[in-house]
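Nothing in this text is a laboratory measurement; each read-out follows from the coordinates by a stated rule. Worth saying up front: this structure is predicted, and the values here are computed from it rather than measured. Neighbour counts are summed over all protein chains in view; Cβ atoms, including those assigned to glycine, are modelled from backbone coordinates with ideal geometry.
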Amino acid sequence: MKAFATLLERLAFTNGRNAKMQILRHYLQDTPDPDRGWALAAITGQLELRNIGPALLRRMIAERVDSELFDISYDFVGDLAETIALLWPEPSANRDISLTDAVGVLQSSSRNGQEIAALLDQLDKNSRLAVLKLGTGNLRLGLSARLARTILAQMSDPTLPEIEEIWHALSPPYLDLFAWLAGENAPTPDHQAPFRPVMLSTPTNLEELEKLPIADYQCEWKWDGIRVQLVSDQGVKRVYTRTGDDISAAFPDAIELMDFDGTLDGELLVGREGQIAPFADLQRRLGRKSVSRTMMAEFPAYLRVYDMLIWQGKDWRSEPLSARRAKLDSITFPSPAMDVSPLLSVTTWQDLADLRADPPLSVIEGVMIKNSASRYVGGRPRGPWFKWKRDPMLIDAVLLYAQTGHGKRSGFHSDFTFGVWRDEELVPVGKAYFGFTDEELRQLDKFVRKNTVERFGPVRRLKPELVVEVAFEGLNKSSRHKSGVAMRFPRISRIRWDKPAAEADHLSALEALL
Amino acid sequence: MIAKRDTALADTILFPRPEGLYCPLGDFYIDPVRPVERALITHAHADHARAGHRHVLASQQTLEIMAIRYGEDFTTHRQVAEGEIEIGDISVSFHPAGHILGSCQIRLIPKIGPRIIVSGDYTRTPNDICPPFTPLECEIFITEATFGIPVFRHPDPVEEIRKVIASMEEFPDRPHLIGGYALGKSQRLIRLLRQAGYDAPIGMHGALKRLTDYHIEQGVDLGELVHVDGVSGPRLCLAPPSAFSTPWVHRFRDPVIGYASGWMGVRARARQRRVELPLVISDHCDWPQLIQTIDDVSPEEVWITHGSEAGLLRWCELTQRPARPLRLVGYEEEDQ
């Protein structure tokens with residue numbers, strides 16, 4: 001448990017992707033089975049142990065610590081599980097419990113928390129926190145399941161696509177997986193309707209495209225929805241995201257549309273009577289574990305497919321895209337809320353550029369260009385598939401606050417809050433962390449140091465003088481932001497040293513884009 | 001054991017004024033935050049030891065550190081505290097507090113009335129740079145409460161410092177920079193690193209040089225230290241925390257930044273600092289030590305100066321010990 005607790009602590013404080021990967025790799029190399037398997041499950045979100053609630057936590061600590069001292073402590077610490085881990089009486093002897101045993105207790109414990117209390121009684125501070133974070137289902141590590149699988153691939157012979165191919169058929173503590181990584185036979189999936197690795201594209205532009213023979217490519221709209229893999233396997237139906245998360249429970253209406261046997265690749269959208277709705281509508285349905293009837297009626301799921309991995313028992317992935325597409329076009333889906341994404345009829349790259357510049361719907365975020373001969377391979381191979389996104393939206397905003405970055409940017413002010421005018425005042429509309437070069441970062445940092453008006457801990461308020469051009473992919477209404485709008489993917493595209501702050505954009509210019 | 005004295009007169013012997021804790025019997029202040037005629041200084045941290053008092057009474061080392069920091073003319077009259085010293089109508093004596101080099105608790109013994117100990121900042125954690133705090137008999141014990149909340153239980157500092165060594169093994173290509181207050185904490189970190197078996201040269205930010213040199217002069221063995229100037233340098237460097245928000249840090253490529261303070265025991269506080277390697281190493285008492293000390297000293301009354309007094313007051317209430325906050329202002333939290 002101590003090693004796992006240290007792992008969680010290190011991951012929580014480490015910001016860099018590579019550094020996180022290194023920490024996890026070392027842990028997985030140094031930790032024996034089955035502990036490392038349970039750790040992997042916890043980190044990749046495969047271990048659902050939400051059996052400790054706040055009421056139970058409070059009851060357990062109330063039996064051990066004066067309530068006033070608890071309140072003072074909780075006020076200071078700000079996190080219930082951590083407060084309890086810190087306040088819990090220290091064990092009389094210094095020994096360690098295996099993660100496997102701790103998971104066993106968490107999986108089987110009753111509601112009164114006696115088993116959990118007995119477990120905590122034997123652990124040191126860090127291990128207590130790890131147990132409580134596991135039990136409250138609140139690890140928050142900033143490390144994706146895909147990243148964890150990438151580390152597994154780095155550690156051994158099997159490649160990432162090979163691991164991803166069977167990942168979803170595996171269950172913790174993954175003894176067969178680790179045996180495979182150590183050189184034994186690959187595990188045989190027995191799971192129904194498994195997820196398959198998704199094929200991703202790389203960005204491109206007109207200049208790059210001009211070097212390619214357009215006749216070898218097929219072009220489609222790029223839909224601003226969420227990429228999904230639709231699996232219907234002998235009656236078992238699942239909707240996966242492109243990272244393999246099963247979101248079926250949140251989209252029962254999508255499941256209902258899936259009247260076929262196979263594995264299809266496509267986009268999950270919201271659509272009404274054949275009309276695709278903007279991303280903002282789909283967003284209303286994201287991040288939910290389940291969905292209400294009213295929600296489904298107001299924001300109904302729409303499936304637009306563009307590729308085929310498996311169809312009626314046959315694996316099509318090694319067939320060329322042209323053959324997969326021909327097969328797809330021969331299918332009639334019974335529901336009007338499910339169809340095949342149309343191909344764009346273009347004879348020159350300029351034709352495509354013209355379509356991209358003026359798409360018929362706001363839910364189109366660019367175009368896709370796919371080599372007709374391409375096989376379907378998981379991951380992001382360079383070459384066969386390209387995305388050419390529409391140009392970003394731009395505004396000129398004024399830098400208002402800055403904060404220092406971390407890792408490579410330690411000591412540089414690299415996190416910026418910017419605002420636009422509303423009447424006579426500047427209102428914050430977003431934050432940007434990147435978009436500038438290293439040289440520009442140095443210049444920005446210098447500007448911040450010279451123009452700080454006030455400090456709040458690590459945050460500096462700036463003299464509102466510097467205008468930056470902010471590029472972003474879209475705009476949503478937001479009740480959480482003072483300005484009422486929230487940008488998608490904002491970044492600083494240019495620093496306008498030449499432009500006076502008074503000439504920055506007004507909020508009305510942003511609202512017009514909604 | 002001498003019989004306990006009556007505490008009734010305590011309020012007339014020592015009480016807070018805007019300048020600091022004042023004793024009219026000797027017409028002096030203890031750790032005043034503004035320039036005064038006569039000051040007794042517990043230790044040389046900047047919030048306790050300020051320049052500009054006319055008379056300063058403190059330990060030899062505290063006086064010397066003040067001279068290094070503020071210049072030889074930091075005061076007009078210096079007196080080294082040795083043995084019992086009569087000041088006006090009261091007798092004072094200085095005793096080790098275990099906090100930093102030269103740190104003392106001060107005991108006041110009036111002719112009539114309670115004996116009072118002003119402990120200054122102190123810790124019970126072993127620190128081989130300075131002699132340890134010893135509990136002394138008194139009726140009024142004045143304690144700080146920097147970590148006066150039961151969530152603060154500082155781990156063994158040698159175990160904590162091993163985290164630095166483990167991180168250097170985990171990331172052999174990244175320089176490690178550890179932040180710690182220039183006086184006391186930095187030298188303590190070096191001692192702990194040496195105790196944990198780290199014997200390679202350790203880099204020092206320029207701001208740490210004078211005070212570190214002083215520790216070496218005083219016989220503290222810190223091993224090989226090198227000044228950090230160029231791009232190439234030792235893999236492990238110490239710096240004052242403020243250096244991490246200056247361009248000084250730009251000379252290091254992708255550093256692991258650590259920070260040593262008792263506050264690192266709470267994650268939100270560590271995150272606010274944006275450090276990758278929080279080290280719970282403090283030169284203050286943690287909660288169990290505060291309680292242990294009050295138990296050891298066993299005074300008639302506990303007065304609490306600065307820090308998180310609410311927690312400690314509640315504990316005194318629960319254990320039926322008379323206690324009150326003094327609400328002194330001008331003293332900072334550890335390393336803030």
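Can you give the charge dipole size of region A:202-389 about its Cα centre, rounded to the nearest 20 debye, using +1 on the beta carbon of Lys and Arg and -1 on the beta carbon of Asp and Glu?
It comes to approximately 560 debye.
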Among A:GLY113, A:HIS26, A:VAL103, the residue whose Cα sits farthest towards the positive end of the charge dipole of region A:1-135, when +1 is placed on the Cβ of each Lys and Arg and -1 on the Cβ of each Asp and Glu, is A:HIS26
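Mind checking the full-extension length gain between A:LEU514 and A:SER372? Use 0.36 nm per residue of separation minus the Cα-Cα distance, one decimal, nm.
Going from the current span to full extension adds 47.5 nm.
Once you keep just the Cα pairs under 8 angstrom separated by 6 or more residues, what percentage relative contact order results for region A:334-472?
Result for region A:334-472 is 21 percent.
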Decide, for chain A, between rounded, prolate and oblate: order the square roots of the alpha carbon gyration tensor eigenvalues as a ≥ b ≥ c, take rounded if a/c falls under 1.5, and otherwise choose prolate if a/b is larger than b/c, else oblate.
-> oblate
Within region A:154-313: Cβ-based charge dipole about Cα centre, in debye rounded to nearest 20 (Lys, Arg +1; Asp, Glu -1) = 740 debye
Neighbour-count ranking [beta-carbon atoms within 10 angstrom, fewest first] of A:LYS211, A:LYS2, A:LYS314 = A:LYS211, A:LYS314, A:LYS2
10 Å Cβ neighbours from other chains, averaged over peptide A:12-19 | 5
Work from the charge dipole of chain B (Cβ charges, +1 for Lys and Arg, -1 for Asp and Glu, about the Cα centre) and give the residue of B:LEU136, B:THR319, B:ALA239 farthest towards its positive end.
-> B:ALA239
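Using 0.36 nm per residue of separation minus the Cα-Cα distance, give me the extension gain between A:ALA215 and A:GLU90 in nm, one decimal.
Working: separation 125, 0.36 × 125 = 45.00 nm, distance 7.16 nm.
Difference between extended and current length: 37.8 nm.
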Identify all lysines with a Cα-Cα distance to A:LYS133 below 26 Å; exclude those on the same chain that are fewer than 8 residues away in sequence.
-> A:LYS2, A:LYS20, A:LYS125, A:LYS289, B:LYS163
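May I ask you to derive the FRET efficiency for A:ALA179 and A:GLU115 from their Cβ-Cβ distance with R0 = 35 Å, giving the value to the nearest 0.05? All intermediate terms of the calculation are to be shown ahead of the outcome.
On the way: r = 31 Å, r/R0 = 0.89.
Between A:ALA179 and A:GLU115 the formula returns 0.65.
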Full-stretch length increase - A:VAL236, A:ASP30 - with 0.36 nm per residue and alpha-carbon distance subtracted | 70.3 nm
Magnitude of the charge dipole, chain A, Cβ model with Lys/Arg +1 and Asp/Glu -1, debye to 20 = 720 debye
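Cut-off is 10 Å between beta-carbons; in what order do B:ILE142, A:ILE72 appear when sorted fewest neighbours first? Walk me through the numbers on the way to the answer.
On the way: B:ILE142 24, A:ILE72 21.
Ranked by crowding around the Cβ, least crowded first: A:ILE72, B:ILE142.
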With the dipole of region A:190-294 worked out from charges on the C-beta (+1 for Lys and Arg, -1 for Asp and Glu) around the Cα centre, which of A:ALA250, A:VAL231, A:MET199 lies farthest toward the positive end?
-> A:ALA250
Let me know the Kirkwood hydrodynamic radius for region A:193-322, please, with Cα pairs as the basis and the value in Å to one decimal.
-> 16.0 Å
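Would you calculate, for chain B, the mean residue ellipticity at 222 nm contributed by helices, counting each DSSP H stretch of 4 or more residues as -39,500 (n - 2.57) and dividing by all residues, to the nearest 500?
Details: 8 runs with 77 residues, N = 336.
Rounded to the nearest 500, it is -6500 deg cm²/dmol.
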For region A:58-103, which semi-axes, largest first and in whole Å, follow from the square roots of 5 times the eigenvalues of its Cα gyration tensor?
-> 23, 12, 10
The answer for B:TYR259, listing residues at least 5 apart or on another chain whose modeled amide H is closer than 5 Å to its amide H, is B:GLY179, B:LEU277, B:LEU279
What is region A:2-136 by shape, rounded, prolate or oblate, if you read a ≥ b ≥ c off the alpha carbon gyration tensor as root eigenvalues and call it rounded for a/c under 1.5, prolate for a/b larger than b/c, and oblate otherwise?
-> prolate
B:GLY203 long-range amide H proximity, modeled H, under 5 Å = B:VAL226, B:LEU236, B:CYS237, B:LEU238
How much mean residue ellipticity at 222 nm does chain A get from its helices, if each DSSP H run of length 4 or more adds -39500 (n - 2.57) and you divide by all residues, to the nearest 500 deg cm²/dmol?
-> -9500 deg cm²/dmol
How large, in Å, is region B:157-279 by the Kirkwood hydrodynamic radius built from its alpha-carbon pairs?
-> 14.4 Å
Given R₀ = 35 Å, FRET efficiency for A:THR204-A:LEU286 by Cβ-Cβ distance, to 0.05?
-> 0.80
Chain B, Gaussian network, Cα under 10 Å: of B:LYS209, B:LYS111, B:LYS185, the residue fluctuating most is B:LYS111
Return the loop-located GluC sites (Glu not before Pro) in region A:208-286 (DSSP other than H, G, I, E, B) with at most 12 other Cβ atoms within 10 Å of their own Cβ; answer none if there are none.
-> A:GLU210, A:GLU273
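Hey, fewest Cβ within 10 Å first, where do A:VAL103, B:VAL249, B:VAL80 land in order?
Details: A:VAL103 26, B:VAL249 20, B:VAL80 15.
Ranking A:VAL103, B:VAL249, B:VAL80 by Cβ neighbours within 10 Å, fewest first, gives B:VAL80, B:VAL249, A:VAL103.
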When Cβ neighbours within 10 Å are restricted to other protein chains, what is their mean count per residue of peptide A:441-448?
-> 1
The simple spin-label model distance between A:THR437 and A:ILE97, using points 7 Å out along Cα→Cβ, in nm, is 5.7 nm
Report the paramagnetic label zone for B:GLU159: residues of region B:271-288 whose backbone N is under 13 Å from a point 7 Å from Cα along the Cα-to-Cβ axis.
-> B:280-281
Cα centroid separation - region A:276-310 against region A:203-268, whole Å | 13 Å
Nitroxide proxy distance, nm - points 7 Å out along Cα→Cβ at B:ARG271 and A:GLU298 | 3.1 nm
Cα gyration tensor of chain B diagonalised, 5x eigenvalues square-rooted, in angstrom largest first, produces semi-axes 36, 23, 16
Rounded to the nearest 10 degrees, what's the angle between the helix B:287-297 long axis and the longest principal axis of chain B, both from Cα atoms, 0 to 90?
-> 30 degrees
